[in-house]
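Note sheet for the following structure.
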Amino acid sequence: MTRKLKIGVFGGARGRVMIEVLMYHPDAELVAVCDKYQPILDSVAAKAKELGQTVACYPDFEDFIQHDMDAVVLANYAIEHAPFAIRCMEAGMHVLSEVLPSETMAQAVELIECVERTGKVYAYAENYCYMNDTFEMWRRCKAGDIGEVQYCEAAYKHDCSGGWVGITYGEREHWRNHLIPTFYCTHSLGPVMMMTGARPVQVVGFENPPLDCFFELGHPGGHASGIEMVTMDNGAVIHSVHGPLKCEPPEVKYNVYGAKGAMRGQGGQVYFYREGEHYGQGESQQYAPEKFVALDKALGSGVDTHGGSDFYPTHCFIEKILGRPDGQWSIDVYQAVDMGICGILAYRSILNGNQPVKVPNLRNPEERDAYRNDHACTNPAVAGNQLIPCSSYGERDLPDELFDKLRAQWEGK
C-alpha cells in the first residue's frame with residue numbers, strides 16, 4: 001500500500017492527541033473528526049487550515065461513519081467503545097479503541113466475534129503500556145532479561161476530584177458518575193499484564209471505603225479506589241491498585257519480578273536488577289530509557305503527553321494495518337479484553353465477599369456462551385434487569401439541586 005491510510009477520529013476531547021499524531025504521521029491522513037461539541041470541531045478545522053489539510057468535521061456519528069475512511073479511532077465515552085467499534089468494523093473499517101474495551105461481558109464476546117468475523121484490525125490504545133519506563137520494561141521482559149515473570153505490582157493512584165466537574169459536566173448520568181471501583185483498571189493492570197506475556201485465569205477484587213468528596217461531586221457511590229489480585233496462567237500474581245486515593249502528585253509505578261531479576265518503573269526511570277552467577281548477587285542499574293520504536297516519528301509528531309506514550313498506540317495501529325514490524329507492539333482484541341474483563345469480574349468478587357472469580361479465555365468459542373447474555377453493569381440502558389450498584393457500600397440518593405449547582409459550576413456561572 002503506497003497511499004496514506006485515511007483515518008477518522010470519533011471524540012475530539014480525548015482524541016485530541018490522536019488528531020495531532022494523524023496530522024503529522026507520514027503514513028496516515030486525518031480525514032474526519034466527529035464530536036458533539038462545536039468548539040472542538042472549530043479547533044480541528046482551524047488547525048487543519050493552518051497545515052493546509054482538509055478535515056471533514058461532523059457533529060453527528062451517523063454522518064461521520066459514512067465518510068470514506070480506512071480506519072477509525074474511538075475516543076468517545078469509555079462505556080461506549082465496544083458498540084461503536086462493532087459498527088465501524090461492520091462498516092469495513094479498522095478500529096483503534098481508547099480505554100476501556102467493553103462495558104459488559106456480553107460486549108466483550110460481541111467485540112471478539114466481530115473482529116474474527118470481519119478480519120479487521122482492532123487495536124487497544126492503553127497508552128500507559130507505552131510510557132518511557134513501561135515500554136522499556138515490556139521490551140526487556142519480552143526479551144527474557146529477568147526470566148519468567150513471577151509477581152507484579154502496579155499502581156495508578158490519581159485523585160481526580162479537583163477536575164471532576166470539568167470531566168462530568170455536572171451531569172447526573174455521565175458515565176464517570178456511575179463508575180464501579182474496579183472498572184478503570186487497565187492503566188495499572190495493562191502494562192504489567194503485557195510484561196508477563198501471560199493470560200489471566202482468576203481475579204479477586206477489593207473496594208476501599210467511599211470518599212465523601214465524591215458524593216458532593218455527583219457520584220452516588222463515593223467513587224472509591226479498586227484493587228485486583230490477578231493470577232495469570234503461568235502462575236504469576238499481579239497486584240493492581242487504581243483510583244482516587246488522596247496523594248499528590250499522582251502515583252504511577254510498576255514493579256515486576258522474574259526468576260532471574262526484577263525491574264521497577266516510575267517517573268520515566270527504569271531500575272533494573274539481574275542475578276549473576278551467585279545466588280543473591282548481580283548487576284543493578286538505573287537509567288532513563290529512550291523509545292526504541294520510531295523515535296524520529298514520535299518526535300516529529302510533537303505529541304509528548306502521558307510520559308511520551310500517546311504517540312505509540314496510534315503509530316503501532318497504523319503499522320499493524322500496514323503489516324510492518326512496529327505493529328507487533330499493537331495490543332490486540334484478546335489482550336484488550338483480558339485486561340478489561342479483569343475489572344468487570346473483580347467487582348463481582350467484591351459483591352460476593354471478595355471470593356475468587358474465574359477469568360474465562362474468550363479466545364475459545366466454547367467459553368463464550370456463558371457470557372453472551374451477561375449484561376450486568378451500572379448502565380440501565382444496557383443492563384436491563386441485570387443492573388448492579390456502583391458501590392458495594394450502597395448508593396446515596398443525590399438531589400437534583402446538587403447537579404444544578406455542579407452544572408452551573410461547569411458552565412462558569
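The values are calculated or read from the model by the stated rules, or taken from the named source; none is laboratory data. Small disclaimer: the values here were computed from a predicted structure and weren't measured. No Cβ is skipped: glycine too gets one built from the backbone with ideal geometry, and neighbour counts run over all protein chains shown. With ligands, DNA and RNA removed, areas are computed over all heavy atoms of the protein, side chains included. Shrake-Rupley method; radii C 1.70, N 1.55, O 1.52, S 1.80 Å.
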Members of segment 109-132 found to be in contact with a Gly (Cβ under 9 Å, 6 or more places away or on another chain), under 25 Å from Ala376 (Cα atoms) and among the aromatic types (Phe, Trp, Tyr), listed by number:
Tyr124
Answer yes if at least one residue in segment 301-313 is at pLDDT 95 or above, within 25 Å of Pro249 (Cβ to Cβ), of a type in the set (A, V, I, L, M) and open to solvent by 10 Å² or more (accessible area, probe 1.4 Å), and no otherwise.
no
Sole residue being open to solvent by less than 70 Å² (accessible area, probe 1.4 Å), within 21 Å of Tyr169 (Cα to Cα) and aromatic (Phe, Trp, Tyr), chosen from Tyr37, Tyr77
Tyr77
Only one of these is within 17 Å of the chain's Cα centre (by Cα), among the acidic types (Asp, Glu) and at pLDDT 95 or above: Glu113, Glu103, Glu90, Glu136. Name it.
Glu103
Would you mention how many residues in segment 280-329 are farther than 24 Å from Gly258 by Cβ and part of a loop (DSSP other than H, G, I, E, B)?
8
Name the residues in segment 150-179 that are open to solvent by less than 10 Å² (accessible area, probe 1.4 Å) and assigned to a strand (DSSP E or B), would you?
Cys152, Ala154, Ala155
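Being of a type in the set (Gly, Ala, Ser) and not in a helix (DSSP H, G or I) is the filter here, so list the residues in segment 1-59 that pass it.
Gly8, Gly11, Gly12, Ala13, Gly15, Ala28, Ala32, Gly52, Ala56
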Considering only segment 1-15, how many residues are surrounded by fewer than 19 Cβ atoms within 10 Å (Cβ to Cβ) and either of a type in the set (Ser, Thr, Tyr) or within 21 Å of Gly52 (Cβ to Cβ) (or both)?
4
Number of the condition not met by Lys142 [criteria: (1) of a type in the set (Lys, Arg); (2) touching a strand residue (DSSP E or B) at 6+ places or on another chain (Cβ under 9 Å); (3) open to solvent by 40 Å² or more (accessible area, probe 1.4 Å)]:
(2)
Return yes or no: is Ala224 within 13 Å of Gln150 (Cβ to Cβ) and not polar (S, T, N, Q)?
no
Which residues, taken from segment 136-166, are closer than 21 Å to Asn208 by Cβ and either touching a residue at least 12 places away in the same chain (Cβ under 8 Å) or in contact with a helix residue (DSSP H, G or I) (Cβ under 7 Å, 6 or more places away or on another chain) (or both)?
Cys152, Glu153, Ala154, Ala155, Tyr156, Lys157, His158, Asp159, Cys160, Ser161, Trp164
For Asp35: the one exception among (1) under 20 Å from Pro83 (Cα atoms); (2) of a type in the set (D, E, K, R); (3) in contact with a strand residue (DSSP E or B) (Cβ under 6 Å, 6 or more places away or on another chain)
(3)
Can you tell me which residue is farthest from the chain's Cα centre (by Cα) among those in segment 376-413 that are charged (D, E, K, R), assigned to a helix (DSSP H, G or I) and surrounded by 15 or more Cβ atoms within 10 Å (Cβ to Cβ)?
Lys405
So Glu90, is it acidic (Asp, Glu) and touching a residue at least 40 places away in the same chain (Cβ under 8 Å)
no
Would you point out which residue out of Gly268, Gly221, Gly280, Gly235 is modelled with pLDDT of 95 or more, open to solvent by 10 Å² or more (accessible area, probe 1.4 Å) and not acidic (Asp, Glu)?
Gly235
Under the condition of being touching a Gly at 6+ places or on another chain (Cβ under 8 Å) and part of a strand (DSSP E or B), which residue from segment 261-274 is farthest from Glu251 (Cα to Cα)?
Arg274
Can you give me the number of residues within segment 238-252 that are open to solvent by 10 Å² or more (accessible area, probe 1.4 Å) and touching a Phe, Trp or Tyr at 6+ places or on another chain (Cβ under 9 Å)?
6
Evaluate the following for Glu277: is it more than 24 Å from the chain's Cα centre (by Cα) and part of a loop (DSSP other than H, G, I, E, B)?
yes
Candidate set from segment 109-139 (those that are under 16 Å from Ala298 (Cα atoms) and aliphatic (A, V, I, L, M)); member that is surrounded by the most Cβ atoms within 10 Å (Cβ to Cβ):
Ala125
Glu275: over 23 Å from Ala71 (Cβ atoms), at pLDDT 95 or above and open to solvent by 20 Å² or more (accessible area, probe 1.4 Å), yes or no?
yes
